[in-house]
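Quick notes on the structure that follows.
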Amino acid sequence: MTGAPTPQKRAILLLAAAGLRASLAEQIARYPEFTVASAASAEEATRLLSAGGCDLLLVDATIGEAFARSARENFPGTVLLIGAPGDPMAPHASDYIARPFRFAHLLARLRAGAEEPAHPIVAIGAYRYRPGAFELSGVADRRVPLTEKEAEILTRLAAAGGAVVTKDMLLREVWGYHPTVTTRTLETHVSRLRRKIETDPTEARLLLTEKNGYRLIFSHAR
């Protein structure tokens, strides 16, 4: 009797400095959905990438930003930079995870990068947003950078499809209920995010405050 098919593993090519490389390779290896090939230099990473079979690139910005920038030109999969890029407004500079980070957050980003199809771009007022990215894009190639927390909040609100996301949910999923985080912290981040989205005070509100949480007004971009 034939059993259920085994899910296909996703192959990660990891380029990072020695300490980070060893730590991440060990932690990622605990999850059977991934396999990890490690590289100590951009030259080694280039050889491994050329050999094929990679689904995701995880690159330490301190030693591999140039490699990541070059790889994005032809690599069809996700390229995730660890650490902010040198120029956050440069093309393709939005896919990164800021330091310091929790491994659970990195794992979520890797899993999101393995999903097919990719997250749809959504239209929010005058901007377009790809959930998980660290920027809003507008007309005339205008780009508005988002902080890590702003991007996580906006991604979670977009995923709700216009439904209310409670404050408790956001505190748990974005901050993990860290003891130093209060609802005031959340409200401050939402207020800053609202100012970036709602550029015209005469237009309808786009990020609404409800009794127990927040709701985003958007439509899927065509």
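Around the amide H of Thr35, modelled in the peptide plane, lie the amide H atoms of Arg10, Ala11, Ile12, all under 5 Å away and 5 or more residues distant in sequence or on another chain. Within the straight-line cut-off of under 23 Å between alpha carbons, the lysines reachable from Lys196 are Lys149, Lys167, Lys211, sequence neighbours fewer than 8 places apart in one chain being disregarded. Counting only heavy atoms of the protein chains and using a 1.4 Å probe, Asp95 has close to 40 Å² of accessible surface.
Solvent-accessible surface (1.4 Å probe) assigned to Ser50 amounts to roughly 100 Å².
The values are calculated or read from the model by the stated rules, or taken from the named source; none is laboratory data. In this text the structure is predicted, and so the values were computed from the model without any measurement. Side chains included, ligands, DNA and RNA excluded: accessible areas come from the protein's heavy atoms. Shrake-Rupley method; radii C 1.70, N 1.55, O 1.52, S 1.80 Å.
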